[in-house]
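Q: Starting off with a structure, shown below.
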Amino acid sequence: MPDPRPHLGEPLALDLLNTRWIENGPQDLLTDVAGLRVWLASASLADRATADEATLAAVLAARTAVYDVVVHGSQDALNEVLAHGRIRRALTESGPADLVEVPEKPWLPAWLAADNLLDLLRAAPDRIRQCAHPECVLFFYDTSKNGTRRWHSMATCGNRTKAARHYARKV
């Protein structure tokens with residue numbers, strides 16, 4: 001099954017948030033293991049994680065935790081997800097490496113998404129945004145040069161907003 005979501009390609013933490021969207025009503029990719037399988041493939045994690053109920057539960061916990069940080073600034077749930085793994089620094093044959101260790105395999109995708117959020121927060125927390133269209137629930141990481149991007153997609157939400165403003169002026 002192809003990924004049905006309207007917005008792909010965001011960093012892993014925001015991509016996980018974008019498994020919920022509005023299209024003819026609320027949609028949620030992660031309602032079952034089949035949807036999890038789609039997300040794992042889309043996130044390039046299918047070879048590292050198993051699509052099963054335990055992984056789905058962990059990923060849903062991570063999605064809630066990431067949302068709580070991004071929208072409410074609450075960190076407790078994210079720290080609970082992060083407690084399931086760690087990064088071990090080591091010197092390997094190819095040089096220094098940061099090795100991800102998540103003992104409970106179902107928690108790996110969840111932990112990676114939570115860790116990715118830390119990277120985004122460390123780099124530029126003000127660039128993590130929710131689409132400005134009032135009927136959109138999608139998130140994006142603003143990589144624009146001046147940091148003023150407002151919509152997850154100019155082609156959809158940006159055009160809708162501008163068309164509505166134009167129509168309101170004409171009426």
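Q: Would you be so kind as to identify all helices of the chain, as entire DSSP H runs, whose Cα atoms reach 15 Å or more along the helix's own axis and whose mean Kyte-Doolittle hydropathy is at least -0.5?
A: On the way: long enough: 53-67 (21 Å, 1.07); 108-123 (22 Å, 0.78); 159-170 (16 Å, -2.05).
Helices passing the filter in the chain: 53-67, 108-123.
Q: Calculate the all-directions average of the projected area of the stretch 80-154's alpha-carbon convex hull, and give it in nm². Present the calculation step by step, with values, prior to reporting the outcome.
A: On the way: hull surface 30.5 nm².
Reported value for the Cα convex hull: 7.6 nm².
Q: Which loop-located GluC sites (Glu not before Pro) does the stretch 84-113 contain, where loop means any DSSP state but H, G, I, E or B and the Cβ has at most 13 other Cβ atoms within 10 Å?
A: Values: sites: GLU93, GLU101, GLU104; in loops: GLU93, GLU104.
The qualifying sites are GLU93, GLU104.
Q: Given a Förster radius of 25 Å and the C-beta distance between ALA83 and GLU135 as r, what FRET efficiency does 1/(1 + (r/R0)^6) yield to the nearest 0.05? It would help to have the intermediate numbers written out before the result.
A: Numbers: r = 36 Å, r/R0 = 1.44.
According to the calculation, E is roughly 0.10.
Q: Further question on the same structure: Express the C-alpha Rg of the chain as a ratio against the empirical globular expectation 2.2 N^0.38 Å, rounded to two decimals.
A: Rg over 2.2 N^0.38 Å, computed on Cα atoms: 1.14.
Q: Which one, LEU82, VAL102, LEU117, is farthest towards the positive end of the dipole of the chain when Lys and Arg carry +1 and Asp and Glu -1 on their Cβ?
A: LEU117
Q: With label points built 7 Å along Cα→Cβ from the Cα atoms of GLU93 and SER44, find their separation and express it in nm.
A: Distance between the two pseudo-spin positions: 2.3 nm.
Q: Right, here's the next one. Along Cα→Cβ, 7 Å out, is where each label goes; now give me the distance between the ones at GLU104 and ASP68 in nm to one decimal.
A: 1.5
Q: Give the distance, in whole Å, between the Cα centre of the stretch 116-134 and the Cα centre of the stretch 42-95.
A: First find each Cα centre; the distance between them is then 17 Å.
Q: Here's a follow-up. Given just the C-alpha atoms of the stretch 1-86, how large is their convex hull per residue in cubic angstrom?
A: In the stretch 1-86, the Cα hull volume divided by residue count equals 104 Å³.
Q: If you don't mind, another one. Per the 1.4 Å probe, what fraction of the accessible area of the chain, in percent, lies on carbon and sulfur atoms?
A: Working: 5050 of 9720 Å².
Of the solvent-accessible surface of the chain, carbon and sulfur hold 52 percent.
Q: Please compute the per residue accessible area over the chain with all protein chains in place, 1.4 Å probe, rounded to a whole number of Å². Kindly include the intermediate steps, with their values, before the conclusion.
A: Working: 9720 Å² over 171 residues.
Roughly 57 Å² per residue, with all protein chains present.
The values are calculated or read from the model by the stated rules, or taken from the named source; none is laboratory data. Fair warning: this is a prediction, and the values are worked out from it, not measured in the lab. Methodologically, a virtual Cβ is constructed for each residue, glycine included, from the backbone with ideal geometry; neighbour enumeration extends over all protein chains shown. Protein only, heavy atoms only, side chains kept; ligands, DNA and RNA dropped before computing areas. Shrake-Rupley method; radii C 1.70, N 1.55, O 1.52, S 1.80 Å.
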